[in-house]
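Take a look at the structure below.
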Amino acid sequence: MTPVHKNKSGLAAMVALLCGMLIPAGLQAQAQREVKHPSLGDGTIQGRLAVLEEYYQYPPGSKAIDSSYWDYLHPWNVEIQPKAMISQDTLNQIATLRLAGVGNDAIANQLHSQLQASPFLAQFDMNKTILAGTDDQLQARLTITSRRGSDPSPAIHVKSAELIGSPEFGSPNLGGVPFSCDTTGPACTFVWQAPSAEKKYWGALTLRVTLTVDGSKDSFVVGQGFYSSPMVAGKFTGKFQERLENGSLVVDAGVEVQRHMACFVRANLYSAGDGTPLQHVERRMLVDPSMKTISLTFFGKIFRDYGDQGAFRVQDLQAACQNLPYPAEWFIDQAAHEAEWREFQKNAPATHEPRRIYFGYDTHSFTTRSYTLSAFSDAEWQSPEKTQILEAHRKLAAQTK
């Protein structure tokens, strides 16, 4: 887990966090199945070549995984760390200093003792930190603990729970959030889903809770960010077909697409027998209303390298699409459209909207038939790009021997 830094630099980061949305890194767990991670090399050209030769065995976007890949296995969530609770008075001072143009480092210096003195920690346990569609629901359980582990957890009393809108729309107050609290305990649960697909419910939202704690005269404010995409770019239909193509397993996932967009489409492959995670695939692609399926290719050599056979299950489908003020094709092939993009930037429209729109959340999964290991190819991935890159590094490596 990320350590808590008790220095002025860490306090400046805390100040920045109080004014924004927290998106901490995913926590990786220990795994029984161990995937071979590529080396970082030894800093030499020869070492760099060895790293590239290993990396380019599989196509970009195809990866062998195990249960340590927390972020891949929880595509709708991020791991959240406990945060120090800051009193309402201290938050008011921070707001006043920021309005006066004082930077985060200077605020941390000025309020060093107050930021250090917080006696309580707040922990949000979220069922997800990305919502997609108006049927998707957030459930957030807030628990307060004493910073001194030997002290009992205090009872809390929520004064208000509000939803704050995305900064792109001026961070409006979107109203109250329903909640229920333990009768005498240190925890409360908050539930919310977008009441409509209106733009005001779109983007980086913040659940802001004002509360008191038994044994303290102060009021505290704690916040937790999440991303909401009430309008969706499309959906997966739950219809699947499977096939073998060039020694790889291809699963065609049915889709209904709302508009022409550039998207990142992701999915995971598991063993159907014991649920072991095996592969992650990600495609950077254009989607269009004319499409009926999106093909997900699980690379043959990964099966062969790790001895994976039998029946498999595809799940954790997600499509995150880019809300762009320019054609989606420019995003997909930036090199080909660099001149057009630079010209566009000279007179870019003054639009301020969140950058992501998701396909609607679902729990669709698909179990394949059983495959023997010999059904998959042991051949490495090949492409002109790979050949060009490796040949260039091999020439450099030969020159430096």
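Read-outs throughout are calculated quantities, based only on the coordinates presented, and are distinct from any laboratory measurement. Computed from a predicted model, the values in this text were never measured in an experiment. Every residue, glycine among them, receives a Cβ derived from its backbone with ideal geometry; neighbour counts consider all protein chains shown.
Figures for the structure shown
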{"item": "Over 26 Å (Cα to Cα) - which of K159/K200; K63/K200; K200/K346; K128/K217; K301/K386; K128/K386 fall in this group", "result": "K63/K200; K200/K346; K128/K217; K128/K386"}
{"item": "Rounded to 10°, Cα long-axis angle of helix 384-399 versus longest principal axis of the chain", "result": "90"}
{"item": "Difference of contour (0.36 nm per residue) and Cα-Cα distance, E198 to D42", "result": "51.0 nm"}
{"item": "Amide N of segment 236-272 lying under 14 Å from the label point, which is placed 7 angstrom from the Cα of T351 along Cα→Cβ", "result": "259-262"}
{"item": "Label-point separation, W381 to K217 (7 Å along Cα→Cβ), nm", "result": "6.3"}
{"item": "Sites D182 and D362, calculated FRET efficiency, Cβ-Cβ separation with R0 35 Å, nearest 0.05", "result": "0.65"}
{"item": "Candidate lysines for bridging to K239, where Cα separation is under 22 Å - those fewer than 8 sequence places away on the same chain excluded", "result": "K292"}
{"item": "Degrees, to the nearest 10: 88-99 long Cα axis against longest axis of the chain", "result": "70"}
{"item": "Within segment 358-401, backbone nitrogen closer than 15 Å to the virtual label 7 Å beyond the Cα of R284 toward Cβ", "result": "385-386"}
{"item": "Gaussian network model of the chain, Cα within-10 Å springs - most flexible of P230, P349, P172", "result": "P349"}
{"item": "Listed peptides 220-226, 85-91 by packing density, highest first (mean Cβ within 10 Å)", "result": "220-226, 85-91"}
{"item": "Computed E for Q57/A311 - FRET, C-beta separation, R0 35 angstrom, nearest 0.05", "result": "0.90"}
{"item": "Residue with peak Gaussian network fluctuation, the chain [Cα springs, cutoff 10 Å], from A50, A311, A108", "result": "A50"}
{"item": "Cα gyration tensor shape for segment 234-397, rounded if a/c is under 1.5, else prolate or oblate", "result": "oblate"}
{"item": "Length added when fully stretched, Q81-V158, from 0.36 nm per residue minus Cα-Cα", "result": "25.6 nm"}
